[in-house]
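**Student:** Here you go, one structure.
The values are calculated or read from the model by the stated rules, or taken from the named source; none is laboratory data. Quick caveat, the model's predicted, so the values are computed rather than measured. Cβ atoms come from the backbone with ideal geometry, glycine included; neighbour counts cover every protein chain shown.
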């Protein structure tokens with residue numbers, strides 16, 4: 001006979017035809033045999049889970065969405081000086097805002113984590129706890145391949161209104177820090193370009209001074225002055241030629257006048273040694289000027305007004321040449337004149353001889369003096385013009401050398417000028433971009449969804465916790481019931497007796513329950529049913545509460 005009270009420590013054997021495997025009904029019989037153990041463990045774990053989940057504090061979460069508002073003015077007109085990936089700047093801003101100093105200020109201002117501070121938690125641990133409650137993430141609706149356009153800031157805490165206030169304060173910090181960072185970067189760029197512009201201006205002024213000094217030092221020797229030098233040289237040479245022609249004409253005219261004075265009979269004054277002579281010197285009236293002398297005087301007058309190529313000058317020159325040829329022929333044919341006055345002059349009494357004083361025509365004398373003065377003046381002008389010709393020629397010879405020297409100076413000047421112009425343009429753009437940032441017309445962060453106090457806690461999810469505890473308690477109870485069978489095996493079917501004792505089973509006597517056994521079984525069933533109902537009602541009530549809260 002097999003009863004439920006007779007238990008022996010035996011190793012279960014597999015059924016026939018299933019070597020090494022337990023039949024499924026064997027495990028079912030074990031579970032039914034250890035049902036109270038499995039139910040007890042399940043009930044204990046379920047109730048404990050309900051209690052723990054109910055006592056867990058509620059955690060509320062608030063979040064705000066910040067939009068990256070692009071620049072208001074098109075970049076075709078004003079190009080921003082603050083560039084770079086917005087994700088990198090967002091990471092930098094997160095590090096600045098989530099620094100210990102900033103978070104400690106927020107904690108002290110809003111009196112956050114009072115319980116943790118009462119328990120004596122270290123300041124560093126409280127700041128670390130707050131950092132774990134803050135979460136900044138990019139809005140994923142815009143796609144990962146596009147530029148960042150918005151991001152969310154989330155904060156979790158136990159008081160809904162305080163959590164929303166902290167979230168909005170963090171959002172304002174992001175906006176303020178981004179604006180300040182952009183303004184500082186724009187102003188820093190402007191200051192840097194301004195310093196570079198001053199240095200470039202100073203260098204450019206030095207280059208301009210060098211170029212100016214070089215030009216002043218080498219006036220007339222610059223390449224662009226070559227044409228002017230050639231023109232001036234031609235003019236000076238023309239003037240020099242004119243002066244040479246004028247000197248030649250003056251000397252020719254002088255010789256003509258001298259010849260006229262030589263042919264004229266002068267008035268001679270004789271000195272008698274202090275006594276007044278009673279007889280005047282013999283004076284011959286001047287004869288009429290010869291045609292040759294008149295022609296030469298007229299030629300000199302024409303040359304003073306016209307050049308040698310003038311028709312009148314050429315005609316008069318031919319007449320003079322013909323007259324000179326005729327006079328030369330007459331002098332050759334005429335006999336030598338007799339000197340009749342020599343004997344008479346020899347018979348005159350001897351007395352002291354004084355040099356005679358000759359008086360020439362005053363008009364010719366004044367013309368001769370004027371010609372001498374003109375010749376001296378024009379020769380001085382010739383010397384000056386000759387010096388100028390040499391000067392201009394030396395300048396023209398120095399132009400290639402000055403061109404190379406000036407090219408080096410000009411190259412340095414052009415480089416400095418180009419650098420200065422580029423920096424000036426960049427500085428102007430940087431100033432405009434800085435004004436754009438200070439007037440908040442550039443790229444900025446804007447709150448499009450402010451944080452609101454949460455109406456339901458985000459954590460803990462009691463429904464999920466209770467379901468997990470219920471399922472975990474059931475699995476744990478089944479595992480314990482099965483595990484106990486391996487340590488204390490029991491005989492549940494007649495085949496177990498045959499397997500243990502190697503005896504044939506003749507018959508099976510069923511269990512005969514007394515009235516006391518039946519009452520005990522009913523009590524157990526009622527207790528189990530009541531426990532199940534209570535657990536179900538509690539779970540349903542919690543589920544309904546959570547559902548209403550969610551709705």
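**Student:** Output yes when any residue across segment 283-306 is modelled with pLDDT of 65 or more, outside any helix (DSSP H, G or I) and under 28 Å from residue 327 (Cα atoms), and no when none is.
**Tutor:** The answer is yes; a qualifying residue exists.
**Student:** Inside segment 508-551, can you point out the residues that are part of a helix (DSSP H, G or I), exposed (fewer than 10 other Cβ atoms within 10 Å of the Cβ) and modelled with pLDDT under 70?
**Tutor:** At the first step, the residues of segment 508-551 found to be part of a helix (DSSP H, G or I) are 515-550.
From the residues that got through so far, the ones that are exposed (fewer than 10 other Cβ atoms within 10 Å of the Cβ) too are 515-516, 548, 550.
548, 550 - these are the residues of segment 508-551 that are part of a helix (DSSP H, G or I), exposed (fewer than 10 other Cβ atoms within 10 Å of the Cβ) and modelled with pLDDT under 70.
**Student:** Here's a follow-up. Tell me yes or no: at least one residue of segment 363-384 is in a loop (DSSP other than H, G, I, E, B), at pLDDT below 80 and farther than 30 Å from residue 231 by Cβ.
**Tutor:** no
**Student:** Whether any residue in segment 228-240 is within 25 Å of residue 418 (Cβ to Cβ) and touching a helix residue (DSSP H, G or I) at 6+ places or on another chain (Cβ under 6 Å) is what I want to check.
**Tutor:** Residues of segment 228-240 that are within 25 Å of residue 418 (Cβ to Cβ), as a first pass: none.
Within segment 228-240 (the criterion being within 25 Å of residue 418 (Cβ to Cβ) and touching a helix residue (DSSP H, G or I) at 6+ places or on another chain (Cβ under 6 Å)), the answer is no, since none of the residues qualifies.
**Student:** Looking only at segment 165-192, filter to residues that are touching a strand residue (DSSP E or B) at 6+ places or on another chain (Cβ under 7 Å) and surrounded by fewer than 19 Cβ atoms within 10 Å (Cβ to Cβ); which one of those is modelled with the lowest pLDDT? Before you say what the answer is, go through the steps one by one.
**Tutor:** From segment 165-192, those touching a strand residue (DSSP E or B) at 6+ places or on another chain (Cβ under 7 Å) are 166-168, 170-171, 174-175, 178-179; that's our starting set.
Retained after the next criterion (residues that are surrounded by fewer than 19 Cβ atoms within 10 Å (Cβ to Cβ)): 168, 175, 179.
Numbers: 168: 92, 175: 89, 179: 86.
If we take residues in segment 165-192 being touching a strand residue (DSSP E or B) at 6+ places or on another chain (Cβ under 7 Å) and surrounded by fewer than 19 Cβ atoms within 10 Å (Cβ to Cβ), then 179 is modelled with the lowest pLDDT.
**Student:** Could I ask something else about it? Looking at 259, 244 in this structure, which one is within 18 Å of residue 363 (Cα to Cα), modelled with pLDDT of 75 or more, in contact with a helix residue (DSSP H, G or I) (Cβ under 9 Å, 6 or more places away or on another chain) and surrounded by fewer than 17 Cβ atoms within 10 Å (Cβ to Cβ)?
**Tutor:** Residue meeting the stated conditions: 259.
**Student:** In this structure, is residue 58 surrounded by 13 or more Cβ atoms within 10 Å (Cβ to Cβ) and in contact with a strand residue (DSSP E or B) (Cβ under 6 Å, 6 or more places away or on another chain)?
**Tutor:** Working: surrounded by 13 or more Cβ atoms within 10 Å (Cβ to Cβ): yes; in contact with a strand residue (DSSP E or B) (Cβ under 6 Å, 6 or more places away or on another chain): no.
Answer is no for this residue.
Results for (1) out of contact with any helix residue (DSSP H, G or I) (no Cβ under 9 Å at 6 or more places or on another chain); (2) surrounded by 15 or more Cβ atoms within 10 Å (Cβ to Cβ); (3) in a strand (DSSP E or B); (4) at pLDDT 85 or above, shown as yes or no for each residue.
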residue	(1), (2), (3), (4)
415	no, no, no, yes
440	no, no, no, no
445	no, yes, yes, no
478	no, yes, no, no
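**Student:** Being free of Cβ contacts under 8 Å to residues at least 40 places away in the same chain and surrounded by 14 or more Cβ atoms within 10 Å (Cβ to Cβ) is the requirement here; does residue 435 meet it?
**Tutor:** Values: free of Cβ contacts under 8 Å to residues at least 40 places away in the same chain: yes; surrounded by 14 or more Cβ atoms within 10 Å (Cβ to Cβ): yes.
Considered against the rule, which asks whether it is free of Cβ contacts under 8 Å to residues at least 40 places away in the same chain and surrounded by 14 or more Cβ atoms within 10 Å (Cβ to Cβ), residue 435 comes out as yes.
**Student:** Something else: Closer than 26 Å to residue 188 by Cβ, surrounded by 17 or more Cβ atoms within 10 Å (Cβ to Cβ) and in contact with a helix residue (DSSP H, G or I) (Cβ under 9 Å, 6 or more places away or on another chain) - does that describe any residue in segment 98-116?
**Tutor:** no
**Student:** With the checklist (1) part of a helix (DSSP H, G or I); (2) modelled with pLDDT under 80 in hand, flag the one item residue 13 doesn't pass.
**Tutor:** (1)
**Student:** A further question on this structure: Just checking, which of 459, 411 is out of contact with any helix residue (DSSP H, G or I) (no Cβ under 9 Å at 6 or more places or on another chain) and closer than 30 Å to residue 207 by Cβ? Break it down into steps so the answer makes sense when it comes.
**Tutor:** Numbers: 459 fails: closer than 30 Å to residue 207 by Cβ.
Unique residue meeting the criteria: 411.
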